[in-house]
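Take a look at the structure set out below.
Every read-out reported here was derived from the displayed coordinates using simple, explicitly stated rules and does not represent laboratory data. Given the structure is predicted, the values throughout are model-derived calculations rather than measurements.
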Amino acid sequence: MALITFTSSFGSGGEKIARMLSEKLGIEFFDDSKLQQKAISIGIPAKDLEGLDEKAPRLFDRLFTNRPALYLDILGSVVYDIASGGQGVIVGHGAQVFLKDFNCALHVMVHASEKPRRERLVKSKGISDEAAEKLIRRMDKRLKEFVRHSFNRDWDDPSNYDLVINPDKVGVDRAVKLIADLAGSDEVKACSLKAVEEMEFSSLQRKVDAAIIKNNLTSPFTNIVVEVTGKGKIHLAGWTFNEDELKLAVAVVKNVPGVAEVTSDIFIQTSADA
């Protein structure tokens, strides 16, 4: 089995290498569309996926809505669900950060200097060199902002990756072979059942967190803490201000796909408690 995350600078050819690698290893390839299909397959409504991409939320969205947090929980639940299967090639979407402590995953960054990236875009998209340069800088800025805003990390920090490779130096075919050889090493394949179980639990927790956010059960005055205590088992703690909120929280969590049992220590906080 091999679980590989791919991050690439725009125009570097990283997605092509990732796709070739998935074909070589015979494992599933997860790009934008496949990640959204996966999200729907694990019970996330299609309407919740609108606008789900590697773009940092606008300031207004960050200040006045919960959607960025909702999207991040959805992304996390999908990435962890894929990881729980122990194999796949995941392109972008901060997967290298979500899985940074998952010893089954190999994190690859594909990077190239700006000149060959411009030349590649001019040839593939039929645009001018100037337009290619502007597109590269805009897309790189967008990806950096996504990782910085979502995870408070630098997208191009080499410590996020196990392998940084320049296909313009080594060639695409050799790049695929290098990554495949590394993915097949004993060190990378040493994946414990405990780690896989943790990914299953993390995926479920993210789905529950997303459902709580979507139903406006988070605020400065309401605090609900979610804990996955076993396969399909959720425990809720914290407080609400009325019985209706408490019942809604339990009902919402019970309806999350994958949840089999819900226990609760949520208490109702009165004005005297405040």
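Using modelled amide H (1.01 Å from N, peptide plane; none on Pro or chain starts), what sits under 5 Å from the amide H of Val256, excluding residues fewer than 5 places away?
none
Please list, in order along the range 103-118, the HN-Hα scalar couplings obtained from phi with the Karplus expression 6.51 cos²θ - 1.76 cosθ + 1.60 (θ = phi - 60°), rounded to whole Hz, x for Gly and Pro.
Calculated HN-Hα couplings, in order: 5, 7, 8, 10, 9, 10, 10, 9, 9, 8, 5, 5, 4, x, 5, 4 Hz.
Within the set Lys38/Lys214; Lys34/Lys207; Lys141/Lys177; Lys231/Lys254; Lys24/Lys207; Lys115/Lys141, which residue pairs have Cα atoms separated by over 23 Å? Let's see the in-between values first.
Details: Lys38/Lys214 19 Å; Lys34/Lys207 18 Å; Lys141/Lys177 30 Å; Lys231/Lys254 14 Å; Lys24/Lys207 32 Å; Lys115/Lys141 17 Å.
Those over the limit are Lys141/Lys177; Lys24/Lys207.
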